[in-house]
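A.B. asks: Can you read through this structure? Questions will come right after.
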Amino acid sequence: MSIPFIDLQAQRKALGSNLTEAMNRVLERGDFIQGQEVRDFETALAKFTGAKHVVACANGTDALTLVGMVEGLKAGDAVFVPAFTFVATAEAFSLLGATPYFVDVDAQTFNMDIESLKTGIVDAKAQGLTPKMVVSVDLFGQPADYQALAPIARAENMVLIADAAQGLGATLHGKSVTAFADYTTTSFFPAKPLGCYGDGGAVLCDDADKAALLKSLSQHGKGTEKYDNVRVGLNSRLDTLQAAVLMQKLNIFGDELKARDKIASRYTAAFKGAVQTPHVMDGAVSSWAQYTLKLDDRNKVQTHLKTAGIPSAIYYPMPLNQQTGYKNCPVVPGGVLVSDALAGQVLSLPMHAYLSQETQDYIIEKVKTFHDHV
Ligand SMILES: *Cc1c(COP(=O)(O)O)cnc(C)c1O
C-alpha cells in the first residue's frame with residue numbers, strides 16, 4: 001500500500017475536465033503573464049475571504065517582502081516573529097534590513113505566545129530597536145490569537161501581519177482569518193491548503209492605497225505610464241496558468257475544508273487518551289494544513305510508521321533561533337523554550353481532503369499500537 005502524505009492526484013481527479021479545460025483556455029490564448037484569470041482569481045479570493053483587496057504575487061515569501069516594502073521597513077526596525085515557523089516568515093524582513101525578533105509560541109496552540117510578545121517588545125526597545133511589526137502565523141492552519149494580538153499591535157503603533165500561508169480557509173468566530181490583521185499574506189505552494197501547480201502567493205488588505213502600492217511594487221514599481229517606473233519594485237507576478245488552476249481549486253475549496261475538518265475530528269477522537277492531539281482554540285476552525293501530534297518518542301514513532309508504509313513529516317525540526325542564518329537575531333529574554341522543545345516532539349500525519357476512512361483507520365492503528373511493538 002502506498003499512502004500519499006498529501007494526495008494531489010486524487011484532487012486532480014475530482015476536478016476532472018474542468019481543470020484541463022481551464023488550463024487549455026490559457027494555452028489557446030497564450031496570455032501567460034497578467035492574463036484574465038489573474039484578475040478573476042483576485043476578485044474570487046476577495047469574495048471568498050471578505051477582503052476588500054487581493055494582490056496576487058509570485059509566492060508567499062514575496063507577499064511578506066512586499067508588505068515590508070510598503071511599510072518602509074529599515075535597519076533598526078524590529079519585526080516580531082514566532083520562532084516556531086517556516087523560515088520565510090523571518091527571511092523577508094531580514095532581506096529588507098530590518099531585525100527579526102524571535103518570540104516563543106504557546107505550548108497548546110503552537111502560535112505566537114502573547115506574554116512572550118509583550119516581554120519581547122519591552123526588551124527590543126531596551127536594545128534600541130523600534131518595534132514596527134508583528135507577524136503572526138496560523139501554524140498548521142490554526143488561527144493565531146488575533147483578538148489578543150491586534151490591541152497590542154495597535155497600542156505600540158505596530159503593523160500586524162497575518163502570515164496565513166497555512167491558515168487560508170481557517171476561521172475565528174465565524175470570520176475568515178484574513179479579517180483581523182492590517183495585511184494577510186498567503187501562499188499557493190502546491191502543498192498548502194489552497195495550492196496551485198507551482199509557486200504563487202497573494203497579499204490581502206482592506207486599504208485601497210496600500211493595495212495600489214502593493215500592485216505597483218509587484219510590477220517593478222510601475223506608475224501609470226508603463227515605462228515610467230516611479231519606485232524600485234520587484235518582479236513578482238502570479239502566472240495566468242496558476243491563476244486558472246486556482247480558480248478551479250477555489251470552487252471546491254469550501255467542501256475540501258469541511259472534509260479536512262471531519263478527518264481531523266476523526267483522528268482526534270481516535271487518539272483520545274493515547275497521544276497528544278492538536279488543540280484548537282475556542283471559536284476557531286482550522287484549515288488543517290497539517291495534523292500534528294506532540295510525542296515524546298517522536299523519532300521512534302516516525303520510524304515505526306515508515307516501516308508500515310505511512311509517510312509523516314517533521315515541521316519543524318529546528319526553530320528559527322537555532323538556524324545558522326538567523327543565529328544573530330535577538331531572542332526574547334529567557335529564550336523560546338516551547339519552540340525549542342516542539343522541534344523535538346512534533347510529527348505531522350497524512351492530511352488532505354481525500355483521505356479515505358480505510359486508510360485513516362490504518363494510520364490510526366499504526367500510531368496507537370506503536371507502544372505494543374517496542
Ligand atoms: C509556505 C510558507 C511561506 C512561504 O510561502 P512560499 O509560497 O513558499 O514562498 C511563508 N510562511 C509560512 C508560515 C509558510 O508555511
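Every read-out reported here was derived from the displayed coordinates using simple, explicitly stated rules and does not represent laboratory data. Remember, it's a predicted structure, so these values are computed and weren't measured experimentally. We place every Cβ from the backbone using ideal geometry, glycine too, and count neighbours over all the protein chains shown.
A.B. asks: With +1 assigned to the C-beta of every Lys and Arg and -1 to the C-beta of every Asp and Glu, and no other charges, what is the dipole magnitude of the stretch 224-313 about the Cα centre in debye, to the nearest 20?
C.D. replies: On the way: 13 positive and 9 negative charges, 67 e Å.
Charge dipole, the stretch 224-313, about its Cα centre: 320 debye, nearest 20.
A.B. asks: Given a Förster distance of 56 angstrom, what is the FRET efficiency for LYS272 paired with VAL232, based on the Cβ-Cβ distance and rounded to 0.05? Display every interim value, and only then the final one.
C.D. replies: Values: r = 54 Å, r/R0 = 0.97.
Once the sixth-power term is evaluated, E becomes 0.55.
A.B. asks: Once every DSSP H run of n ≥ 4 in the chain is given -39500 (n - 2.57) and the sum is divided by its residues, what mean residue ellipticity at 222 nm do you get, rounded to the nearest 500 deg cm²/dmol?
C.D. replies: Working: 12 runs with 153 residues, N = 374.
Using -39500 (n - 2.57) per qualifying helix, the result is -13000 deg cm²/dmol.
A.B. asks: While we're here: Extending each Cα 7 Å along its Cβ direction at LYS175 and GLN108, get the distance between those two points in nm, one decimal.
C.D. replies: 2.2
A.B. asks: Using the charge dipole of the chain (Lys, Arg: +1 at Cβ; Asp, Glu: -1 at Cβ; taken about the Cα centre), state which of GLY221, THR307, PHE41 has its Cα farthest towards the positive end.
C.D. replies: Of the listed residues, the answer is THR307.
A.B. asks: Is the chain rounded, prolate or oblate when judged by the Cα gyration tensor, a ≥ b ≥ c being the square roots of its eigenvalues, rounded requiring a/c under 1.5 and prolate requiring a/b larger than b/c?
C.D. replies: Working: a/c = 1.98, a/b = 1.13, b/c = 1.76.
Verdict is oblate for the chain.
A.B. asks: Follow-up question, since we're still on this one. List, in order, the whole-Hz ³J(HN,Hα) value for each residue of the stretch 151-164 obtained from phi through the Karplus relation with A = 6.51, B = -1.76, C = 1.60 and θ = phi - 60°; use x for Gly and Pro.
C.D. replies: x, 5, 4, 5, 4, 9, 6, 9, 7, 9, 10, 9, 7, 9
A.B. asks: Taking only the C-alpha atoms, wrap a convex hull around the stretch 147-261 and report its volume per residue in Å³ as a whole number.
C.D. replies: Given the Cα convex hull of the stretch 147-261, per-residue volume reads 128 Å³.
A.B. asks: Starting from the amide H of ALA284, placed 1.01 Å from N in the peptide plane, find each other amide H under 5 Å away whose residue is 5 or more places distant or on another chain.
C.D. replies: HIS173
A.B. asks: Under a 10 Å cutoff between Cα atoms, tell me which one of PHE93, PHE180, PHE48 has the largest fluctuation in the Gaussian network model of the chain.
C.D. replies: PHE48
A.B. asks: Determine the shape class of the stretch 233-374: with a ≥ b ≥ c the square roots of the Cα gyration tensor eigenvalues, call it rounded for a/c under 1.5, and otherwise prolate if a/b is greater than b/c, oblate otherwise.
C.D. replies: Details: a/c = 1.84, a/b = 1.06, b/c = 1.74.
It is oblate, given that a/c is not under 1.5 and a/b is not larger than b/c.
A.B. asks: At 4 °C and 1.567 mPa s, grab the translational diffusion coefficient of the stretch 290-374 from Stokes-Einstein with a Kirkwood Rh over Cα pairs, rounded to a whole number in µm² per second. Please report the intermediate quantities before stating the final value.
C.D. replies: Working: Rh = 14.5 Å.
Answer, rounded: 89 µm²/s.
A.B. asks: Still on this model: Percent relative contact order of the chain, based on C-alpha pairs within less than 8 angstrom and at least six residues apart?
C.D. replies: On the way: 768 pairs, mean separation 86.0, N = 374.
This gives 23 percent for the chain.
A.B. asks: Rank the residues GLU28, GLU115 as a footprinting-exposure proxy: fewest other Cβ atoms within 10 Å of their Cβ go first. Write down the numbers at each step before the final one.
C.D. replies: Numbers: GLU28 8, GLU115 12.
Taking fewest neighbouring Cβ atoms as first place, the list is GLU28, GLU115.
A.B. asks: Let's test the formula: R0 of 51 Å, r as the Cβ-Cβ distance of ASN157 and THR307. What FRET efficiency results, to the nearest 0.05?
C.D. replies: Here the calculated transfer efficiency is 0.40.
A.B. asks: Here's another thing I want to ask about it. What does DSSP give for the stretch 72-145 in terms of the percent of beta bridges that are antiparallel, rounded to the nearest 5?
C.D. replies: Working: 1 of 10 bridges.
Here the antiparallel bridges make up roughly 10 percent for the stretch 72-145.
A.B. asks: What dipole magnitude, in Debye to the nearest 20, does the stretch 1-149 give about its Cα centre under +1 on Lys/Arg Cβ and -1 on Asp/Glu Cβ?
C.D. replies: On the way: 11 positive and 18 negative charges, 62 e Å.
So the magnitude is around 300 debye.
A.B. asks: Can you give me the Kirkwood hydrodynamic radius for the stretch 86-160, using every pair of distinct Cα atoms, in Å to one decimal?
C.D. replies: It is 12.9 Å.
A.B. asks: Out of THR20, GLY273, GLN127, whose Cα points farthest toward the positive end of the dipole of the chain (charges: +1 Lys, Arg; -1 Asp, Glu; placed on Cβ)?
C.D. replies: Looking along the dipole axis, the top candidate is THR20.
A.B. asks: Would you work out which of ILE263, GLY325, VAL285 lies farthest towards the positive end of the dipole of the stretch 188-340, given +1 charges on the beta-carbon of Lys and Arg and -1 on that of Asp and Glu, about the Cα centre?
C.D. replies: The residue sitting most towards the positive pole is ILE263.
A.B. asks: Follow-up question, since we're still on this one. Sticking with the crude label model, points 7 Å out along Cα→Cβ, report the distance from ARG39 to GLU115 in nm, one decimal please.
C.D. replies: 5.2
A.B. asks: Return the equivalent ellipsoid semi-axes of the stretch 48-180 as a descending list in whole Å, where each equals the square root of 5 times an eigenvalue of the C-alpha gyration tensor. Kindly include the intermediate steps, with their values, before the conclusion.
C.D. replies: Details: eigenvalues 93, 64, 35 Å².
Semi-axis lengths for the stretch 48-180 are 22, 18, 13 Å.
A.B. asks: Assuming 0.36 nm per residue, please report the length gained on full extension of the stretch GLN357 to ALA14 beyond their Cα-Cα distance. Walk me through the numbers before you get to the answer.
C.D. replies: Details: separation 343, 0.36 × 343 = 123.48 nm, distance 1.73 nm.
In short, 121.7 nm is gained.
A.B. asks: Run the dipole for the stretch 95-151 about the Cα centre, Lys and Arg Cβ at +1, Asp and Glu Cβ at -1, nothing else charged, and hand back the magnitude in debye, nearest 20.
C.D. replies: On the way: 3 positive and 7 negative charges, 62 e Å.
The calculation lands at about 300 debye.
A.B. asks: OK, next. Viscosity 1.567 mPa s, temperature 4 °C: what is the translational diffusion coefficient of the stretch 42-96 from Stokes-Einstein with a Kirkwood Rh over Cα pairs, rounded to a whole number of µm²/s? Intermediate results must be reported in sequence, preceding the final value.
C.D. replies: Details: Rh = 12.6 Å.
The Stokes-Einstein estimate is 102 µm²/s.
A.B. asks: Turning to a different aspect of this structure: Only bridges with both residues in the chain count here: give the DSSP antiparallel percent, nearest 5.
C.D. replies: Values: 24 of 42 bridges.
So the antiparallel bridges amount to about 55 percent of the total.
A.B. asks: Let me understand the stretch 67-110 better: what is its radius of gyration from the alpha carbons, and its Dmax, in angstrom?
C.D. replies: Rg, Dmax (Cα atoms, Å): 11.3, 34.
A.B. asks: Could I ask something else about it? Out of ASP182, ASP340, ASP31, any idea which swings most in a Gaussian network model of the chain, alpha carbons joined below 10 Å?
C.D. replies: Looking only at ASP182, ASP340, ASP31, the largest GNM fluctuation is found for ASP31.
A.B. asks: With a Förster radius of 25 Å, plug the Cβ-Cβ distance of ALA148 and ASP296 into 1/(1 + (r/R0)^6) and report the FRET value to the nearest 0.05. Walk me through the intermediate numbers first.
C.D. replies: Numbers: r = 29 Å, r/R0 = 1.17.
Working from the Cβ atoms, E equals 0.30.
A.B. asks: Could you tally the net charge around LYS210, taking each other residue with its Cβ under 12 Å from the Cβ of LYS210, Lys/Arg +1 and Asp/Glu -1? Mind showing how you got there, number by number?
C.D. replies: Values: positive: LYS52, LYS215; negative: GLU71, ASP182, ASP206, ASP207, ASP209.
With Lys, Arg at +1 and Asp, Glu at -1, the net is -3.
A.B. asks: On to the next question. Can you tell me which of PRO330, PRO82, PRO151 moves the most in a GNM of the chain? Springs connect C-alpha atoms under 10 Å apart.
C.D. replies: PRO151
A.B. asks: By how many nm would the segment from HIS279 to ALA126 lengthen if fully extended, with 0.36 nm per residue of separation less the alpha-carbon distance? Numbers along the way, then the final one.
C.D. replies: Numbers: separation 153, 0.36 × 153 = 55.08 nm, distance 3.46 nm.
Result: 51.6 nm gained on full extension.
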